[in-house]
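The values are calculated or read from the model by the stated rules, or taken from the named source; none is laboratory data. Just so you know, these numbers come straight off a predicted model, no measurement behind them. In this analysis, Cβ positions are derived from the backbone assuming ideal geometry, glycine residues included, and neighbour counts consider all displayed protein chains.
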Amino acid sequence: MQEAIVIGGGVVGLTSAWWLLEAGFGVTLLEREAVGQAASYRNGGQLSYRYVSPLADAGVPLKAIQWLFDENGPLRFKPEFDLRQWKWLASFLANCNAADNARTTAKLLELGELSRRAMAELDGLISPDEFAWRDAGKMVVYRSQGAFAAAVAKPDSESSRQVLSPEECVAKEPALASAQSLLAGGIFNEGEAVADCYAFCELLAARLTAHPRFRGVQRTEVRQLIQDGSGAITGLATSSGVLQADHYVLAAGIDSRDLAAGAGIYLPLYPLKGYSLTAPIRASDTAPAISVTDFERKVLYARIGDSLRVAAMVDMVGADTRINPRRIANLTRQVQDTMPLAADYSRIVSWAGLRPATPTSAPIIGATPHRNLWLNVGQGPLGFTFACGSAKLLAGAMKGETPPFTLDGLTLR
Ligand SMILES: Cc1cc2nc3c(=O)[nH]c(=O)nc-3n(C[C@H](O)[C@H](O)[C@H](O)COP(=O)(O)OP(=O)(O)OC[C@H]3O[C@@H](n4cnc5c(N)ncnc54)[C@H](O)[C@@H]3O)c2cc1C
């Protein structure tokens, strides 16, 4: 039996471990902290299989400049003395055109559909109720007529798509009542879900432990991938000494960048920092049942169990997870303006995490120049959404199987 070590116990590493077990590998998972406590901890909870919208698009550079001067804007940029920031930015800007956006969107839709089906395969293993999974549907609301008209004009093969006036948005999602006069309209799609990513991670970690081929989650920090010049990785230098297996899977979120660099591989990843707020929902509150995206402000609202989860903002400030109180105050104000009665805002818990993002928003899955080193990284703003599909593609690649669709744009270049 082939043995694999998965580095990283976020949602991507845990799902990788599961699908590798399913593919017949013996698996060990290495995590330096506790599972699911980095980017996968309090994310937006959206399983956004169809609304994949890659960040790089035509018009984004101009919008980004406007956002930088807008106090309520979703974007912050702090220039760093780090070439990786500038290289990422240059590549991101090169992808800001309609053709690349359409190409990436098509690929992410394939990955999204695969991920939807793959997560459903886990139904017998983890009950959807256990991680607050709900088939909530998704409503994207637009504040400007221009953005709304552009969204309506965009081709969409989704048969469930409903174009809504502001009144219809509120009729469908009463939590938007206070914002009705500010809306130009909305688009609703069925089939998008919400769930608690951290609960999913914990449950999956527990199920892994019960699998006969699972060797355990080892609380260990990987410091270096060891190479011998023969085109293979021969071991991992870790805080518990050297660990060896037949295969190594790098799924360490944003930290994959440094580990790969040590093995001579450049990963085009940048930590796009985002924030979330979690507030308890009382019986008297009008929390959204549907998952709502406030398009211009880039704010996501989801009811997860008994809480309202709001996720927002893209700060390009390096790998810094400190909470900026001004950003939180700003986000809280926006949320209270938009959905004043949705939750108990006096008991907000705030959080910041790093989206391990590629310039295209497409993850990097599969082989590397080292024949036994594999990647599952770069899921960026949609790592929970894409985790199950990415893990399935990874396991297929490691078994040498033909993928269900061409992986152009999803592999290391
Ligand atoms: C504000 C915000 C909102 C988001 N909203 C959504 C959403 O609504 N829907 C969605 O699909 N996605 C969302 N995302 C994105 C999603 O959370 C991430 O893409 C996903 O969590 C990435 O998972 P990961 O496993 O790659 O990384 P992580 O969860 O960061 O896990 C990596 C793990 O590797 C471990 N590790 C790192 N280095 C080492 C090492 N050297 N040795 C051992 N272990 C190591 C870390 O401790 C960590 O546990 C959001 C992200 C943010 C920040």
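The table below gives the values:
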read-out	value
Single match in Leu250, Leu259, Leu300, Leu308 (criterion: closer than 30 Å to Asp228 by Cα, in contact (Cβ under 8 Å) with a residue 24 or more places away in the chain, crowded, with 24+ Cβ neighbours inside 10 Å and not β-branched (Val, Ile, Thr))	Leu250
Residues of segment 359-391 satisfying the condition of being out of contact with any Pro (no Cβ under 8 Å at 6 or more places or on another chain) and either farther than 25 Å from Gly45 by Cα or away from the ligand (no atom under 14 Å from the Cβ) (or both)	Gly366, Ala367, Thr368, Pro369, His370, Arg371, Asn372, Leu373, Trp374
Entirely in segment 173-240, the strands (runs of 3 or more DSSP E) that have 3 or more residues that are in contact with a helix residue (DSSP H, G or I) (Cβ under 8 Å, 6 or more places away or on another chain)	185-189, 214-219, 222-227
Hits in segment 327-358 (condition: among the small types (Gly, Ala, Ser) and within 12 Å of the ligand (Cβ to nearest atom))	Ser350, Ala352, Gly353, Ala357
Residue identified as in contact with a strand residue (DSSP E or B) (Cβ under 8 Å, 6 or more places away or on another chain) and closer than 28 Å to Lys154 by Cβ among Leu68, Leu62, Leu93, Leu111	Leu68
Of the criteria (1) outside any strand (DSSP E or B); (2) modelled with pLDDT of 95 or more; (3) within 25 Å of Ala352 (Cα to Cα), which one Val52 fails	(2)
Output for segment 1-49, where each listed residue is of a type in the set (Phe, Trp, Tyr) and touching a His at 6+ places or on another chain (Cβ under 9 Å)	Trp18, Phe25
Count - residues of segment 1-40 that are of a type outside the set (A, V, I, L, M, F, W, C), more than 7 Å from the ligand (Cβ to nearest atom) and surrounded by fewer than 24 Cβ atoms within 10 Å (Cβ to Cβ)	6
